[in-house]
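Notes to accompany the following structure.
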Amino acid sequence: MLGRYFWLGLALWLSLGLAQQSDATRTIERQIQEYQQLLEDRRQEQARIERELGALRSQLEATLRERDQVSEELFGLRQERTTLLSEIAALEADLAQTELEIRTLTQRLSELKGRIATLLVSLHRQAAGRFSWVLARAESFYELRVKNHYLSILTNRDVELLNEIDRTVLTLEAKQRQLTAQVNERNAKAAELAANAQRLEATQANLNRLIGQLEATREGQLAQRGAMLQEQVRLEQTIAGAQRALQQERQRIQRALEEARRRAEQAASERERQVAQSDVERASRDLAAITTPTRQVETDWALPFPNARLVSRFREEGTWIVLRAEREGTAVRSALSGTVTMVQRVQANSGFLVVVAHSPELSTAYQGLQPPEVKVGDRVSQGTVLGYLGGGVLMPPDTLRFMVNLTRDGRPAWVDPAPYLGFR
């Protein structure tokens, strides 16, 4: 589409000398307006892409942080599982050693019980014969008690050895149960860690896929933004070329007007003066067609004052258009019904500024006024007098700066007011 506009504009430019003056200038103006509208559309699309890129960048950064956090958790779980497996291996080795000791002591206990039982029988027989003779010869009760004491010590020592082995076996069995419980507990924890690690690995894989998709989307949007920037540059160059052609046409008509006036002043006869005056009127009409476009379309908006002429287009001086009244100090009226949201003296050079909100998305602004007739909060109808021209020291007292602010997709922006007022 850009190529079609470019070559159409170039063809129009080359054919200026063959077409009539008014048709050529109107065609250039219409072409410039189409270019500017296309450029504005590209700027809005560029702004949308920038917003999407910002949101995508935030989402990508959040996803990367989430992936890094999952990676840290996964690394911690793996470290913990490695440590736990080392502890399990050590406990299992300790458990195996304890089981071996239990089996050894149990076997020894079984052997000792048999040997001690045989030994006790033999000892008691011997002791009974020996001590029975000693007891028979005891001369006192005290001597009898001493001898009986030594006999009991011999028996108690035999029993104590068995009891000590029993206690050792019981201790080892308790240790075996404790180690078995610890091994089971750590095995359960290791299984839980393995399950958590598997879950985190799946989450990590999903995050990596999401990051890949976001990065691919971002690359596509960046490429689209680059292409749109190149197209925007080409559009701006095309507009600049058309505006130069329009300016050259204005200068040519101005020169023709001055030449016709000079011929009218220097005419030697009435006929020559009439012909020259006819050229003056035609050149004046052509120049007026360029510099002061009239309303072409009826709209629901009212002009700030009757018979307003558009003398400066949007962005030629700033984010406004300049309208000229038929006389100085003309009353300025609201283009639509609404509420006054601002009354401010911007600076002495520019006079007072009045802003009227017509909806949450739409506002109009009027600059170059004398002290306004309204105040903030006033409800105004379409056509209500807001103030009078002539408030700016350096602004002509018959001109008004008119602005329109429109909110789209939550973003307020200054837009060209001319179409709203019916100017082509």
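The values are calculated or read from the model by the stated rules, or taken from the named source; none is laboratory data. Since the structure is predicted, the reported quantities are computational estimates derived from the model, not experimental observations. Cβ: placed from backbone, ideal geometry, glycine included. Neighbour counts: every protein chain shown.
Given the options Ala47, Ala62, name the one that is in a helix (DSSP H, G or I), at pLDDT below 80 and in the same structural domain as Ala181 (by TED's automatic domain parsing).
On the way: Ala62 fails: at pLDDT below 80.
Unique residue meeting the criteria: Ala47.
Out of curiosity, is Gly368 of a type outside the set (D, E, K, R), over 39 Å from the mean Cα position of the chain (by Cα) and either part of a strand (DSSP E or B) or not assigned by TED's automatic domain parsing to the domain that holds Asn307 (or both)?
Working: of a type outside the set (D, E, K, R): yes; over 39 Å from the mean Cα position of the chain (by Cα): yes; either part of a strand (DSSP E or B) or not assigned by TED's automatic domain parsing to the domain that holds Asn307 (or both): yes.
For Gly368, the condition - of a type outside the set (D, E, K, R), over 39 Å from the mean Cα position of the chain (by Cα) and either part of a strand (DSSP E or B) or not assigned by TED's automatic domain parsing to the domain that holds Asn307 (or both) - is met.
Any idea which of (1) crowded, with 19+ Cβ neighbours inside 10 Å; (2) not in a strand (DSSP E or B) is the one Gln382 doesn't satisfy?
Only one criterion is unmet by Gln382, namely (1).
To keep it simple, each residue is scored yes or no on (1) over 40 Å from the mean Cα position of the chain (by Cα); (2) part of a strand (DSSP E or B).
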residue: Pro360; (1), (2): no, no
residue: Ser363; (1), (2): no, yes
residue: Gly377; (1), (2): no, no
residue: Val393; (1), (2): yes, no
residue: Pro396; (1), (2): yes, no
residue: Phe402; (1), (2): no, yes
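Go through Ser71, Ser110, Ser86 for me and flag whichever is among the hydroxyl-bearing types (Ser, Thr, Tyr) and within 30 Å of Leu214 (Cβ to Cβ). First the steps, then the outcome.
On the way: Ser110 fails: within 30 Å of Leu214 (Cβ to Cβ); Ser86 fails: within 30 Å of Leu214 (Cβ to Cβ).
On inspection, the qualifying residue turns out to be Ser71.
Only residues that are exposed (fewer than 15 other Cβ atoms within 10 Å of the Cβ) and in contact with a helix residue (DSSP H, G or I) (Cβ under 8 Å, 6 or more places away or on another chain): list them for the range 88-100, please. Even if it seems obvious, please write down each step before you answer.
Taking the range 88-100 and keeping what is exposed (fewer than 15 other Cβ atoms within 10 Å of the Cβ), we get 89-90, 93, 96-97, 100.
Of everything in the range 88-100, nothing turns out to be exposed (fewer than 15 other Cβ atoms within 10 Å of the Cβ) and in contact with a helix residue (DSSP H, G or I) (Cβ under 8 Å, 6 or more places away or on another chain).
In the range 307-339, what count of residues is obtained for those that are assigned to a strand (DSSP E or B) and either within 13 Å of Gln382 (Cα to Cα) or among the polar types (S, T, N, Q) (or both)?
5
Is the range 178-187 home to any residue that is under 19 Å from the mean Cα position of the chain (by Cα), surrounded by fewer than 13 Cβ atoms within 10 Å (Cβ to Cβ) and farther than 26 Å from Leu74 by Cβ? Please lay out each step first, then the result.
First, pick out the residues of the range 178-187 that are under 19 Å from the mean Cα position of the chain (by Cα): none.
No.
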